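The next block holds one structure in the form of structure tokens; read it before the comments.
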Amino acid sequence: MFSTAEQVQIRQATEDHAGRYFGGPLGLGREDAARYVAEGHLGGLCDRHGLAAVWKAVADIIDQHPQVLDQRLSDDELRQRQADRSARAAELSRQAAAAFRAGDADRALALIDEGEQVCPGYRAGLRSWDDLRARVRASAAAPA
């Protein structure tokens with residue numbers, strides 16, 4: 001149901017935020033944490049797939065990796081995580097561009113796939129990972 005990039009978004013949001021909702025002064029439980037992650041951090045996915053589906057996907061990750069509930073990241077730690085993901089994605093995008101310019105479409109596509117797994121929302125310029133993939137494939141399919 002969810003694309004690979006969407007699955008990564010769900011996993012990262014769960015890892016980043018579930019622990020901030022769990023427990024605390026309100027005594028929120030696992031289901032509360034899953035719901036608040038879905039509603040508060042995955043709104044675009046909820047719009048596309050429905051809250052129930054996204055909520056379940058988050059709950060499934062919590063069930064598989066309950067340690068995410070013990071991780072309460074500060075705002076600074078969250079910003080750093082995102083900065084690290086973006087920096088890694090930028091590097092993979094640069095490597096993909098170099099492979100593309102060198103005529104290695106397979107390597108470029110593999111690097112694009114890897115970049116999407118690191119940071120699904122990263123944009124190289126204004127291009128999404130899907131845009132970059134389409135550009136490489138169109139070039140590879142064009143007659144020489």
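The values are calculated or read from the model by the stated rules, or taken from the named source; none is laboratory data. This one's a predicted model, so the numbers in the text were calculated from it and none came from an experiment. FYI the Cβ positions are ideal-geometry reconstructions off the backbone, even for glycines, and counts take in every protein chain you see. The accessibility values were calculated without ligands, DNA or RNA, using every heavy atom of the protein model including side chains. Shrake-Rupley method; radii C 1.70, N 1.55, O 1.52, S 1.80 Å.
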Can you give me the ranges of the helices (runs of 4 or more DSSP H) entirely in segment 1-78 with at least 2 residues that are among the basic types (Lys, Arg) and farther than 29 Å from residue 112 by Cα? 30-41
Name every residue in segment 119-137 that is within 8 Å of the chain's Cα centre (by Cα) and crowded, with 19+ Cβ neighbours inside 10 Å, in order of residue number. 119, 120
Would you confirm, using the coordinates I've provided, whether residue 121 is part of a loop (DSSP other than H, G, I, E, B) and without any contact (Cβ under 8 Å) to a residue 24 or more places away in the chain? no
Any residue at all in segment 5-22 that is more than 19 Å from the chain's Cα centre (by Cα) and free of Cβ contacts under 8 Å to residues at least 60 places away in the same chain? yes
I'd like to check something: does segment 8-19 contain any residue that is farther than 28 Å from residue 133 by Cβ and open to solvent by 50 Å² or more (accessible area, probe 1.4 Å)? no
How many residues does segment 20-31 contain that are surrounded by 20 or more Cβ atoms within 10 Å (Cβ to Cβ) and either among the hydrophobic types (A, V, I, L, M, F, W, C) or within 19 Å of residue 84 (Cα to Cα) (or both)? 1
Looking for whichever is buried (at least 19 other Cβ atoms within 10 Å of the Cβ), touching a helix residue (DSSP H, G or I) at 6+ places or on another chain (Cβ under 7 Å) and either among the charged types (D, E, K, R) or on the phi < 0 side of the Ramachandran plot (or both) here; the options are 5, 34. Which one fits? 34
Which residue out of 88, 107, 135, 101 is basic (Lys, Arg) and within 18 Å of residue 8 (Cα to Cα)? 88
Selection count where residues are open to solvent by 70 Å² or more (accessible area, probe 1.4 Å) and either in contact (Cβ under 8 Å) with a residue 60 or more places away in the chain or part of a helix (DSSP H, G or I) (or both), scope segment 83-112: 6
Tell me, please, whether a residue that is of a type in the set (Lys, Arg) and surrounded by 15 or more Cβ atoms within 10 Å (Cβ to Cβ) can be found in segment 58-74. no
